[in-house]
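Report on one structure; see the data block that follows.
The values are calculated or read from the model by the stated rules, or taken from the named source; none is laboratory data. No experiment lies behind these values; they were computed from the predicted model shown. Counting neighbours? That spans all protein chains shown, and the Cβs are built from the backbone with ideal geometry, glycine included. We work out accessible area using only protein heavy atoms, side chains counted, and drop any ligands, DNA or RNA first. Shrake-Rupley method; radii C 1.70, N 1.55, O 1.52, S 1.80 Å.
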Amino acid sequence: MSSLLMNLDEIDLEGKEPLTEPERQYYFMAKCRKWVRHKEKELNRALTFSVVTFGCQMNAKDSEKLAGILEKIGYVQVEGEEVDFVVYNTCTVRENANTRVYGRLGYLNGLKRKNPNMMIALCGCMMQEDAVVDKIKKSYRFVDMIFGTHNIFKLAELMDTRLHSKTMIIDIWKDTNLIVEDLPSERKYSFKAGVNIMYGCNNFCSYCIVPYVRGRERSRNPEDIIKEVRELVADGVIEIMLLGQNVNSYGKNLKEPISFAELLVQLEQIEGLKRIRFMTSHPKDLSDELIEVMKNSKKICRHLHLPVQSGSTDILKKMNRNYTKESYLKVAEKIKTAMPDISLTTDIIVGFPGETEEDFLETLDVVKKVRYDSAYTFLYSKRSGTPACVMENQVEDPVAKERFDRLLKTVQEIAGELTGKLEGMVEEVLVEEVNTQDSSFLTGRLSNNTLVHFKGSDELIGKLVSVKLSQCKGFYYFGELI
Ligand code: SAH
Ligand code: SF4
Ligand code: F3S
């Protein structure tokens, strides 16, 4: 896909660097590529890179962009961290995400001692926090560059700066209005791709750090999104995942406002595109228009991720979620009535400040009423700078842990009862890969996101095939190709 974009050989490196984007970045990519070629000759081998991703789909997508730039520069992507250029794309949504990164930095230091050519870049959500940057400046001097979430497109420029400097390069932007289009991106799969439709978040749920590290909500222009999807389809993609922290508020702040449902209608018309997924939906903004569009669509997958966070209206208020237990249940009911075959999934936080046993029972009640196909459950984690961090009545760890275990048990019981519901039916499966356990099997996904394993050859990877779901095994099916 990157080959469709600007040709680096046509860039005049004697001239001055352009001031407009993305031209400026292509100039620096060409400059860095010259350096990489020189190094290759010196070392008599190719230079390698890897991007290690922590966190959510937004970060996964950003990592594809970083990989796209590094490939364009001339590095070769490999697995693992014994490479010439490693990027850690970090997450800070919960404390344990940070702990994992610090834990692995010591290991990188050891690798760099063995390979003096190695460059280490840290980027992503954690780097938007001053305390983190201070700590790295002080205790992790071997890091070559730090940048944040708003300027990942500048990787080549930062690398060029680093090549001309002896010290760590730090470039963190507090926020941005800029959306740089038409940069290279390296896809993990040839047949499916994530597509950003918006960046940032304006919701300020009181526990959440994302709005502080990802900035204000910005929607991409529908024309840019459609152009990107058309190009992806021309390049072999049949499934797209539209990405945003709250896709239901897409387009509201554009000069010519458009709703998320309207965007879906336009994307549906793209010939060759077979499946459309999206995440995440905030329950407060989920419109009847969207339900209607989903119901009538042949391409939008039968899966909706609708994070509830808590079942208690009191706690939801303290969380600043802007819906109640009753209004959430009503929306969930509407969706299920419109699409009885839909798979509903959710996120739940246990142990939010002030959560009582009664509040927790309300959460269990919602789980039992909605009957989620699966749920991501989290122990509340204090994030400094968020309103919840300084709220009274923080829940004691053992109490939260005990509730967490009870919740998980209920979620799993219900999910287990639901997965068998398609047993015996013939369903369309998008084949994703050769089964990791047994290479005579393939693994793919149903429209509702459930995994299916069946016998078949790897030529089917990336294709939609009909599979009889013969046997349900807990959270996946064994099937037979029809
Ligand atoms: N924009 C998405 C969520 C992004 S963060 C949405 O609004 O649904 C993914 C999930 O992490 C959240 O849904 C929430 O359940 C969890 N999460 C966020 N902050 C957290 C915190 N401080 N402690 C525990 N879980 C948290
Ligand atoms: Fe965080 Fe809430 Fe925004 Fe989701 S909607 S990213 S939970 S602030
Ligand atoms: Fe983590 Fe940033 Fe995503 S904090 S969850 S990687 S938006």
Residue that is surrounded by the most Cβ atoms within 10 Å (Cβ to Cβ) [pool: residues in the stretch 282-312 that are under 27 Å from GLY462 (Cβ atoms) and under 23 Å from the mean Cα position of the chain (by Cα)]: LEU304
Kindly indicate which of VAL399, VAL395, VAL366, VAL390 is assigned by the TED database to the domain that holds ARG321 and either in contact with a Lys or Arg (Cβ under 7 Å, 6 or more places away or on another chain) or open to solvent by less than 10 Å² (accessible area, probe 1.4 Å) (or both). VAL366
Unique residue being among the hydrophobic types (A, V, I, L, M, F, W, C) and open to solvent by less than 20 Å² (accessible area, probe 1.4 Å) when the list is VAL429, VAL434: VAL429
Residues (part of a helix (DSSP H, G or I), within 15 Å of ligand 3 (Cβ to nearest atom) and open to solvent by less than 30 Å² (accessible area, probe 1.4 Å)) located in the stretch 185-236: VAL210, PRO211, VAL213, ARG214
Do we find a residue being surrounded by 19 or more Cβ atoms within 10 Å (Cβ to Cβ) and within 16 Å of ligand 1 (Cβ to nearest atom) anywhere in the stretch 21-42? no
If you check ASN253 against the conditions, is it within 16 Å of ligand 2 (Cβ to nearest atom), more than 22 Å from the chain's Cα centre (by Cα), of a type outside the set (Asp, Glu) and open to solvent by 10 Å² or more (accessible area, probe 1.4 Å)? yes
Do you know which residues across the stretch 192-208 are within 7 Å of ligand 2 (Cβ to nearest atom) and out of contact with any Asp or Glu (no Cβ under 9 Å at 6 or more places or on another chain)? PHE204, CYS205, CYS208
Does ASN151 satisfy the criteria of being open to solvent by less than 10 Å² (accessible area, probe 1.4 Å), within 16 Å of ligand 3 (Cβ to nearest atom) and out of contact with any Gly (no Cβ under 9 Å at 6 or more places or on another chain)? yes
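Yes/no matrix, rows are residues, columns are (1) assigned by the TED database to the domain that holds HIS164; (2) in contact with a helix residue (DSSP H, G or I) (Cβ under 9 Å, 6 or more places away or on another chain); (3) more than 24 Å from SER139 (Cα to Cα):
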site: PHE54; (1), (2), (3): yes, yes, no
site: LYS65; (1), (2), (3): yes, yes, yes
site: GLY80; (1), (2), (3): yes, no, no
site: ASP84; (1), (2), (3): yes, yes, no
site: ASN109; (1), (2), (3): yes, no, no
By residue number, the members of the stretch 364-385 that are within 11 Å of ARG403 (Cβ to Cβ) and within 16 Å of ligand 2 (Cβ to nearest atom) are THR377, LEU379, TYR380
